[in-house]
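What follows is a set of notes on a single structure, which appears directly below.
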Amino acid sequence: MFQFIIDNFNEFLTYTGFANASVGNLLMIIVGAVFIYLAIKKDFEPLLLVPIGLGIILGNIPFRADAGLEIGLYEDNSVLNIFYQGVRQGWYPPLIFLGIGAMTDFSALLANPKLMLIGAAAQFGIFGAYMLALALGFEPNQAAGIAIIGGADGPTAIFLSSKLSPNLMGAIAVCAYSYMALVPLIQPPLMRLLTTKNERVIKMKPSRQVSQTERILFPIIGLLITTFIVPSALPLLGMLFFGNLLKESGKTTRLAKTAGNALNDIVVVLLGLTVGCSTQASEFLTLNTVFIFAIGAFAFAIATASGVCFVKFMNLFLPKDKKLNPLIGNAGVSAVPMAARISNNMGLEYDRHNFLLMHAMGPNVAGVIGSAVAAGALLGFLS
C-alpha cells in the first residue's frame, strides 16, 4: 500500500509544471508579465495588453504534453482551442471591424476628403515590409501576412495571416498588437525628425459641418466602391461599413451600442487572450519570430514616415491658408484613435492652442479602410 502511494505520487509529480518547465516557458511568462506591467503602470493600451499579457502567461504554463489532458491551445477539443477557432478561422476580425464601424465618426474624412490620400500613403509601410520579408527568405504568402503589420491594424493582420500564413499567425498577431500599443513610443521621434518647428505649428482651419445625409450615404457608397475594387476584403469592409450605417442611420442606436460596446468587448477579450495563448514557447521562440518583429518595426517606421512626408509633399501644391500640419501624417496608420491622439498631443506640445485631433481623425479612419483594402489586394493576388 505504501509503495502504491509513493508510485502514484511520483507519477503525479511528472504532471506538474515544475517537472515540465523549460527555459522558453519561463522567458515567455516574463514577457507576459512585462506586457501587463506596461498596460497597468504605463497605460500602454491596457484593453489590448492585459488580455494578451495574461494569455502569454496562460499559454506557457508547462504541462505534460503526452498526458491527453486537453487543456493546451493546440490540443483538439480543449476550451482554449475552441476559443482559438475564432482567430484561426478568421471569425473575430470582422466582428472587431463591426464594432469599429459602430464607434467611428467619419465626419472628419467627409469634411476634407483629400485626407484619404494620407491614409493611402501610409500603406507604403505594408508594401515596403513585403519586399523586406521576401528579401529575408519568406515565401510570398508568408511575406504578405507579415507585411500587413505595417497597417497598424491587429484584426486585419490576424485575418490575412489566418488565410495566407497560418503557421506564423501567433507571432504576427502578437507583433501587430505589441507595436500598436507602442505607437506612443515609436512615432513621436520620427515625427520630430521629419518636420521643422515651423511646420509643427501650422494651424488648420476648422472642418465644415457634415450633414446626416452624407454620413448615411458614406457607408453605402464606400462599401460599393471598395468591395467592387477588392471583393476579397468584403468580410472586413462589409462589417466596418455595416457598423457605421447602424451608427449613422439614427434608427438602430441600440444595435450600434451593442456592436460598439458589449459585443466588441467580448470579442476583444477572447481575441487578446487566445492570441496571447498562441505564443507557446515551443511554437513562438524561433528565428522567424525575431525576423517578424524586426520587419514589423521597419513597417511601422516606413508607414509613419510615408504619411508625414506625403503631407509635406501635398503642402507644396496647397495655398498658404490651406496647408496641412505634417504632424497629422502619422495618423495614416489605422491605430484608431491612438495615432490621432499622438498628432494632437505633439501639436499641443509646440502650441498649446493648436488642436489637431479632429483633423488627424480623417487620415486615421482612412487608414482603417486603406489597410483593409491592402489586405484584400494581397489576399486576392496571392490566394
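Work out the FRET efficiency for L136 and F9 from their Cβ-Cβ distance, taking R0 = 56 Å, and round it to the nearest 0.05. According to the calculation, E is roughly 0.65.
FRET efficiency for the Q85 to L224 pair, using the beta carbon distance and R₀ = 25 Å, is estimated at 0.20.
Could you size up the charge dipole of segment 85-382 around its Cα centre, putting +1 on the beta carbon of Lys and Arg and -1 on that of Asp and Glu, and report it in debye to the nearest 20? Numbers along the way, then the final one.
On the way: 20 positive and 11 negative charges, 185 e Å.
Its charge dipole is roughly 880 debye.
For the chain, calculate the relative contact order in percent as a whole number, restricting contacts to Cα pairs under 8 Å that are 6 or more residues apart.
On the way: 702 pairs, mean separation 107.1, N = 383.
It comes to 28 percent, rounded to a whole number.
Taking all protein chains into account, the per residue accessible area for segment 83-197 stands at 32 Å² (1.4 Å probe).
Put simply, the Cα atoms of segment 47-173 extend 60, 38, 22 Å along their principal axes, the longest span coming first.
Rounded to the nearest 0.05, the FRET efficiency derived from the C-beta distance between R192 and I30 at R0 = 30 Å is 0.40. Extension gain, D43 to S211: 0.36 nm times the residue separation minus the Cα-Cα distance gives 56.9 nm.
Do the alpha carbons of any pairs in K205/K257; K114/K205; K41/K197 sit beyond 22 Å of each other, and which pairs? Could you put the intermediate results ahead of the total?
Numbers: K205/K257 32 Å; K114/K205 14 Å; K41/K197 32 Å.
Distance filter (> 22 Å) returns K205/K257; K41/K197.
Roughly how many percent of the accessible protein surface of the chain is carbon and sulfur, given a 1.4 Å probe and a whole-percent answer? Here carbon and sulfur together make up 69 percent of the probe-accessible area. Sorting the segments 317-326, 232-241, 187-196 by their mean number of nearby beta carbons within 10 angstrom, highest to lowest, gives 232-241, 187-196, 317-326. Spatially, segment 1-65 and segment 131-162 are offset by 29 Å when compared through their Cα centroids. Ellipsoid semi-axes for the chain, based on the Cα gyration tensor and the rule √(5λ), read 41, 22, 19 Å when sorted largest first.
Placing pseudo-labels 7 Å out from each Cα toward the beta carbon at L316 and L234 gives an inter-label distance of 4.1 nm. The protection proxy used here, the mean number of other Cβ atoms lying within 10 Å of each residue, ranks peptides 358-368, 70-80 as follows, highest first: 358-368, 70-80. Ordering F83, S207, M180 by Cα displacement along the dipole of segment 69-228 toward the positive end leaves S207 in first place; charges were set at the Cβ atoms of Lys, Arg (+1) and Asp, Glu (-1).
The values are calculated or read from the model by the stated rules, or taken from the named source; none is laboratory data. Since we're looking at a predicted model, the values are computed, not measured. No Cβ is skipped: glycine too gets one built from the backbone with ideal geometry, and neighbour counts run over all protein chains shown. Calculation scope for accessible area: heavy atoms of the full protein, side chains included, ligands and nucleic acids excluded. Shrake-Rupley method; radii C 1.70, N 1.55, O 1.52, S 1.80 Å.
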